[in-house]
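The values are calculated or read from the model by the stated rules, or taken from the named source; none is laboratory data. Please read these numbers as outputs of a predicted model, since none were measured by experiment. A quick note on method: Cβ atoms are made from the backbone with ideal geometry, for glycine too, and the neighbour counts reach across all protein chains shown.
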Amino acid sequence: MRFYALLDELGTSRFNKGMSKQKILIQLDSDSQASVFDAVVAIDAGVDHLLQHSGVTVDNVRSLVHGAMYTRGPSDLKNTAIFIGGTNVNDGEAIAAVALESFLDPFRVSIMLDSNGANSTAAATVLCATRHLKLERASALVMAATGSVGQRVCQILANEKCFTYVASRSLERSQECIRLLVAGGANEKYLKPLASSDDVELTQVLSSVQMVFGCGAAGAGLLNESQLSKATNLKVAIDLNAVPPSGIAGIAIMDKGKQRGERFDYGALGVGGLKMKIHKASLAALFHSNNQFLDCQEMLAIGEQILRAAS
């Protein structure tokens, strides 16, 4: 197949001089039905053709990737890209790992990994906080940190040198989460385990941190008004729960930098606007070259560019 692609490039280059290939995005979804949400965003981001595949696994992804690699010559592969989605983040990461292993230079295409929207959401969440304080040497508490978004918020914060409490109801789960984060490249020096079920320790941490992020499941209460009253140094509070009751008491889903005393609050939809901009910009960035892999850290950088352009 590689041989045929080279022949095609040599044989057609004189006819296609000055013409560029159309942008093709290949959506690989681990669910039984490919996400309509991700498809609509891709079209709005300007792809020319969207090819959707559902039920993608580590066992069948390699042939799909080869189909993307070997049907265009190397100079045209920047116009083909892969988006990996689905609701299961672990499945998405496993699929991405196999996809990356499938490449053979110079035959490769760019990949964006955003299963369950976790990466773009985490990047947007942290960037909302940076509107009000610098991350380096700041301190943060991430509630329900073991979830897909919570883990990525912790990863970004730690890599930005922000002292981060990784909170779970179980200390053991918090410690295991940190182990996984470090294995994935997070800076261990800035990660601290916390059992949120320990009221004494939670109160002590709340009194010291400058940021708190609520990353819990829909409708799960994480911090009540009494607990928040102890957070006297808090500058930013972000609750990603869009289903009542709120995860962090008093924060509405539409809050977008809503000032309450010395604190700036964000709700799920308040973060969502930036998340959508990062999602679309990341898709567009895939077609700049054929050798990119966009994960949460790369989406953070894209989000920073968006904020700079808007300022």
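Here are a few things to note about the model shown:
- Members of the stretch 61-101 that are in contact with an Asp or Glu (Cβ under 7 Å, 6 or more places away or on another chain) and either free of Cβ contacts under 8 Å to residues at least 12 places away in the same chain or closer than 16 Å to MET112 by Cβ (or both): PHE83, GLY85, GLY86
- Pairs, first in the same structural domain as ASP198 (by TED's automatic domain parsing) in the stretch 155-177, second among the acidic types (Asp, Glu) and not in a strand (DSSP E or B), C-beta under 7 Å, six or more apart: GLU160/GLU136; LYS161/GLU136; CYS162/GLU136
- Taken over the stretch 12-37, residues that are modelled with pLDDT under 95 and in a loop (DSSP other than H, G, I, E, B) amount to 9.
- Residue check, GLY85 surrounded by 19 or more Cβ atoms within 10 Å (Cβ to Cβ), over 19 Å from the mean Cα position of the chain (by Cα) and more than 30 Å from LEU234 (Cβ to Cβ): no
- Scanning the stretch 51-87 for residues that are more than 20 Å from ASP295 (Cα to Cα) and β-branched (Val, Ile, Thr) yields a single hit, THR71.
- Elements of the type strands (runs of 3 or more DSSP E) sitting completely within the stretch 214-297 and holding at least 2 residues that are in the same structural domain as GLY46 (by TED's automatic domain parsing), under 30 Å from GLY73 (Cβ atoms) and not aliphatic (A, V, I, L, M): there are none.
- All told, MET299 falls short of being at pLDDT 95 or above, closer than 22 Å to GLY147 by Cβ, touching a Cys at 6+ places or on another chain (Cβ under 9 Å) and buried (at least 20 other Cβ atoms within 10 Å of the Cβ).
- Residues of the stretch 254-307 classified as of a type in the set (A, V, I, L, M) and over 17 Å from LEU25 (Cβ atoms), total: 9
- If you go through the stretch 266-296 and keep only what is in contact (Cβ under 8 Å) with a residue 60 or more places away in the chain, more than 16 Å from the chain's Cα centre (by Cα), farther than 14 Å from ALA42 by Cβ and buried (at least 17 other Cβ atoms within 10 Å of the Cβ), you end up with TYR266, GLY270, ASN290.
- Test for ASP105: is it free of Cβ contacts under 8 Å to residues at least 12 places away in the same chain and within 30 Å of TYR70 (Cα to Cα): yes
Okay, residues lined up against (1) at pLDDT below 95; (2) surrounded by fewer than 24 Cβ atoms within 10 Å (Cβ to Cβ):
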position	(1), (2)
ARG152	no, no
ASN159	no, yes
PHE163	no, yes
ARG169	yes, yes
ARG179	no, yes
LYS189	no, yes
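- Among the residues of this structure, SER207 does not count as one that is in contact with a Lys or Arg (Cβ under 9 Å, 6 or more places away or on another chain) and within 27 Å of THR87 (Cα to Cα).
- Check on VAL205, touching a Phe, Trp or Tyr at 6+ places or on another chain (Cβ under 7 Å) and not in a strand (DSSP E or B): yes
- Residue check for GLY67: small (Gly, Ala, Ser) and at pLDDT 95 or above: yes
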